[in-house]
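First the structure, then my questions, so here it is.
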């Protein structure tokens, strides 16, 4: 995408530039002038489309967390057993971060940049907590039925989620492992971490249905390495 192409939707260009700059140099180090330069606009042109830099960040995070939450509901729709739900959560979060490394870095790392106690801050925390509730429920249900053996569910959840989100930092489509292989290995690691029954890995999906993953319009697409059907990327 040419961010300075005036034939493209200016809102799309501004938000894509914001994702690039916020992810690479941080929200605090990015000024409106940087955004304007990236999309070949004036500062006034930027403010014609967004009310403030913080409002732009909040919009990106609200949209991103909302899409992640909606897609997770689709991924888990037919999953009943805790081991299956945990496997799908691990695989989908791993894939989302591997395929969308820039917007997920912003979603994961820039909550601190929103004004504490503001409506946007509280709304995004609520979206994040609603997503993490899926993880809490899968772990607690597994412990309750005796299929998981976990000393500290909170620490286990944080450790597994950190493993998945880390792919935004190191995964490369042309690396040694395919995304499917990474997802499958992480699922095996996750089930081992909760000490699920030995045959659990054989009875759960090794990878999620990539067509159900969210599409983030502000993440620059790389169709060469996106395993989802073309129709699922729109």
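Taken together, the values in this text are just the output of simple stated rules run on the coordinates, not laboratory data. Predicted model only: the values in this text are computed from it and were never measured. FYI the Cβ positions are ideal-geometry reconstructions off the backbone, even for glycines, and counts take in every protein chain you see.
Go through [x] 35, 24, 18; [y] 49, 36, 17; [z] 35, 20, 14 and flag the label whose value is the computed semi-axes √(5λ) of the Cα gyration tensor in Å for this structure.
Label [z] holds the value from this structure.
Related question: Could you put 47, 131 in order, starting from the residue whose Cβ has the fewest other Cβ atoms within 10 Å? Working shown, then result.
Numbers: 47 14, 131 20.
By the 10 Å Cβ count, ascending, the order reads 47, 131.
In the Gaussian network model of the chain, springs joining C-alpha atoms below 10 Å, which of 211, 168, 51 carries the largest mean-square fluctuation?
Among 211, 168, 51, the largest mean-square fluctuation in the Gaussian network model of the chain belongs to 51.
Per the helix-only calculation at 222 nm, which mean residue ellipticity applies to the chain, given -39500 (n - 2.57) for every DSSP H run of n ≥ 4 and division by its residues, nearest 500 deg cm²/dmol?
Details: 10 runs with 140 residues, N = 234.
Here the helix-only value at 222 nm equals -19500 deg cm²/dmol.
Could you tell me how many degrees, from 0 to 90 and to the nearest 10, lie between the Cα long axis of helix 10-25 and the main elongation axis, the longest principal axis, of the Cα atoms of the chain?
60 degrees
So if we plug the beta-carbon distance of residue 174 and residue 203 into 1/(1 + (r/R0)^6) with R0 = 25 Å, what FRET efficiency do we get, rounded to 0.05?
The computed FRET efficiency comes out at 0.20.
May I ask for the angle, rounded to the nearest 10°, between helix 179-193 and the longest principal axis of the chain, with both axes built from Cα atoms and the value confined to 0 to 90°?
Compared with the principal axis, the helix lies near 50 degrees.
Compute the acute angle (0 to 90°) between the alpha-carbon long axis of helix 53-75 and the principal axis of greatest extent of the alpha-carbon atoms of the chain; round to the nearest 10°.
30 degrees
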